[in-house]
Every structure is written in structure tokens, then in C-alpha cells.
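Below is one structure; the comments refer to it alone.
The values are calculated or read from the model by the stated rules, or taken from the named source; none is laboratory data. Everything quoted here is computed from the prediction, not taken from an experiment. When we count neighbours, we look across all protein chains shown, and the Cβ atoms used for this are built from the backbone with ideal geometry, even at glycine. Note: accessible area is taken over every heavy atom of the protein model, side chains too, but ligands, DNA and RNA are not part of it. Shrake-Rupley method; radii C 1.70, N 1.55, O 1.52, S 1.80 Å.
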Amino acid sequence: MAVTGFNHYNLRATREQMAVLLDFYTKVVGLTLGERPGLSSFGYWLYAGANDVLHLSEVKEGVQPALNVQTTFDHVAFTCTDYAAMEQHLQAHGVQFGSRVVKATNVRQIFFKDPFGNGVEFNFDES
């Protein structure tokens, strides 16, 4: 028995919040809206290449999402290319971000938050 890889992560929100998240993760992060099986709940699957990596799921009717709760979730990280173009892209969308180089792994990183405060990290190979 072994974990063999990352499958996806899920953000649960109201339909109004999902519209904001869908816009952000497609236009800013660069994921692609793709096929979602016929599930009983409303939602979207977003893809990086051929892999569905982010699921946006509607909060069940009558249930309010827990907002501003203490959590241990910090961020999700994506492997990316073309650091300079991505930096310009984020600036053009008004996204505030920080960056650093991890010399031990030869990776340049960009860190920012989505519209609801979830952390996003982009990793660029510097070798």
C-alpha cells in the first residue's frame, strides 16, 4: 500500500463564491475548465494539462460554509514555466505576490492568495 501521487484538491463554496474562484483559477492561475462527471452536486473541475487538479464544489443546500475558521491548510503548489511572463501576468491582474529562490533545490517560487485567502505557490525550475 502506497500513495503514488497527488490527485486533486477541493474548494467548497456557494455558487457566487465559485464564480469568483472559477474566474480567478482560470484567468489568473491558468487552469482550464474541463469535463466533470454527472455528480449530484453543482461544481466545476479545473485541469492542469490532462489532469483535474482542482474541484470546486457547491456547499450543500441549507449549509453555510465555515469562514475564517482556524485551519492548517497553507497553500497548494503548481509547477510552472516562464517566471518572467508569469510575474507580468500576475501584475496585470493586480495580484499581490512575493517571491524567493530556494538555492538548495534551484527553484524560484511565487506566493499569493486567491480571492478567499487560500494560498497558491508557483514553482519554476532555475536550472
> Of all trypsin sites (Lys or Arg not before Pro) in the stretch 1-105, which ones are in loop regions per DSSP and have a Cβ with at most 15 other Cβ atoms within 10 Å?
Replying inline: LYS60, LYS103
>> Using each residue's phi in the stretch 86-100, evaluate 6.51 cos²θ - 1.76 cosθ + 1.60 at θ = phi - 60° and report the 3J(HN,Hα) Karplus result to the nearest Hz, with x for Gly and Pro.
In response: 5, 4, 5, 4, 5, 4, 4, 8, x, 8, 7, 8, x, 8, 7
> Can you list the residues, at least 5 places off or on another chain, whose amide H is less than 5 Å from the amide H of ALA77, using H built in the peptide plane?
Replying inline: GLU121
> Given R₀ = 22 Å, FRET efficiency for VAL20-ALA84 by Cβ-Cβ distance, to 0.05?
Replying inline: 0.20
>> For the chain, take the longest principal axis of its alpha carbons; what is the angle in degrees between that and the long axis of helix 15-27, to the nearest 10 within 0 to 90?
In response: 30 degrees
>> Which order do you get for SER40, SER57 if you rank them by accessible area with a 1.4 Å probe, largest at the top?
In response: SER40, SER57
>> If you take every DSSP beta bridge fully contained in the chain, what fraction is antiparallel? Give it as a percent rounded to 5.
In response: 65 percent
> If exposed GluC sites (Glu not before Pro) are those in a DSSP loop with at most 13 other Cβ within 10 Å, what is the longest stretch of the chain that has none?
Replying inline: 62-125
> Just one of (1) 15.7, 51; (2) 18.5, 61; (3) 14.7, 54 is Rg and Dmax of the Cα atoms in Å as worked out from the coordinates here. Which one is it?
Replying inline: (1)
>> Please compute the per residue accessible area over the chain with all protein chains in place, 1.4 Å probe, rounded to a whole number of Å².
In response: 67 Å²
> Tell me, what % of the accessible area of the chain is carbon and sulfur with a 1.4 angstrom probe?
Replying inline: 50 percent
>> Using a 1.4 angstrom probe on the protein heavy atoms only, could you order SER127, SER99 from most to least accessible area?
In response: SER127, SER99
